[in-house]
Amino acid sequence: MRQKLAAAALLACSWAGGGLAAQPASQAAGRPDPTPAPDGSATTAATEAIRDAIAGPLIDAISLRLGGRAVELRLDLVEVRAIDADQRAIRGSGAAQIVGRQDWIGFRFGVRYDVRLRRSGRPDIGIDAVAAGERDVPNDPRLVRQLETMLSADLAQELRKPSAQLRLDRVSSVEDDGQRLRIDALGTVYPDPYGPGTPLAVTALYDRPSHAWLRLEYRSGDDAASGFQDRRASAR
């Protein structure tokens, strides 16, 4: 199941993340790792290349957490561990700065990287919600229903199951400046009316002034619940 919705209509052109590719990668990968991984899986040059490769996905993920605002990153620690011949588990920490502001916000991350394909997975981000200016707000039932309807339609098409339905059971909402709302939810996808369900963790970004969904992401399978728990813990 793909990690991001393919429907272009769900991505608003005004999303600040649209311009993230223009962010200087050197902000996130300015200096090489001083030492190779303990198991010898990455040399200094290889680690520096990995830092460059994960910069873009990290910027995207942190921008989403910060209400879709353009950000600059500084990576302070990057640890690379070999999983197999191609896969690397990467974890580390750094700081993010919203463009136009002076303060830096600490974060930690974990992500997988395929050295053969030179492609990274979706990062798991832990960020200080208080420092980021986020605050919990009551869930908006209308937006929750919209989210269920849109994702149900997308999943029905993806699974080729017209009867597929999504039920969101645990929903939390946070806002930063009163303009953008981030919704984290855990639900269950039912491909058939009488069949078993599959866990699904959802992260969505909604822009109140334009009444538009700026970004929707979901993760299915056994790791959905754990991923949801990680995000909620990092938002405290």
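The values are calculated or read from the model by the stated rules, or taken from the named source; none is laboratory data. The model shown is predicted, which means the values in this text are computed figures rather than measured ones. For neighbour counting, all protein chains shown are included, and Cβ atoms are generated from backbone atoms with ideal geometry for every residue, glycine included. When the accessible area is computed, the model is the full protein with side chains, heavy atoms only, and any ligands, DNA or RNA have been set aside. Shrake-Rupley method; radii C 1.70, N 1.55, O 1.52, S 1.80 Å.
Report, by residue number, each residue of the stretch 169-189 that is open to solvent by 20 Å² or more (accessible area, probe 1.4 Å) and closer than 16 Å to MET150 by Cβ.
Hit for the stretch 169-189 is VAL171, nothing else.
Quick one: how many residues across the stretch 91-124 are farther than 23 Å from ALA49 by Cα and either touching a His at 6+ places or on another chain (Cβ under 7 Å) or crowded, with 19+ Cβ neighbours inside 10 Å (or both)?
Residues meeting the conditions: 2.
Would you confirm whether any residue within the stretch 103-117 is within 20 Å of TYR206 (Cβ to Cβ) and either of a type outside the set (Ser, Thr, Tyr) or in a strand (DSSP E or B) (or both)? Break it down into steps so the answer makes sense when it comes.
To start, the set of residues in the stretch 103-117 that are within 20 Å of TYR206 (Cβ to Cβ) comprises none.
No: zero hits.
If SER14 satisfies every condition in (1) open to solvent by 70 Å² or more (accessible area, probe 1.4 Å); (2) modelled with pLDDT of 50 or more; (3) not hydrophobic (A, V, I, L, M, F, W, C) but one, which is the exception?
(2)
Hey, does the stretch 64-84 have a residue that's free of Cβ contacts under 8 Å to residues at least 12 places away in the same chain and more than 15 Å from the chain's Cα centre (by Cα)?
Yes; the residues of the stretch 64-84 include at least one that is free of Cβ contacts under 8 Å to residues at least 12 places away in the same chain and more than 15 Å from the chain's Cα centre (by Cα).
Please tell me if SER63 is farther than 26 Å from THR198 by Cα, hydroxyl-bearing (Ser, Thr, Tyr) and either surrounded by 15 or more Cβ atoms within 10 Å (Cβ to Cβ) or out of contact with any His (no Cβ under 7 Å at 6 or more places or on another chain) (or both). Spell out how you get there, then give the answer.
Details: farther than 26 Å from THR198 by Cα: yes; hydroxyl-bearing (Ser, Thr, Tyr): yes; either surrounded by 15 or more Cβ atoms within 10 Å (Cβ to Cβ) or out of contact with any His (no Cβ under 7 Å at 6 or more places or on another chain) (or both): yes.
Judged against the criteria, SER63 is a match.
Which condition breaks for PRO138 when tested against (1) farther than 17 Å from ASP52 by Cα; (2) modelled with pLDDT under 90?
Going through (1) farther than 17 Å from ASP52 by Cα; (2) modelled with pLDDT under 90 one by one, PRO138 breaks only (2).
If we keep just the residues of the stretch 190-215 that are open to solvent by 20 Å² or more (accessible area, probe 1.4 Å) and polar (S, T, N, Q), which is farthest from ASP154 (Cα to Cα)?
Only one residue tops the list, namely SER210.
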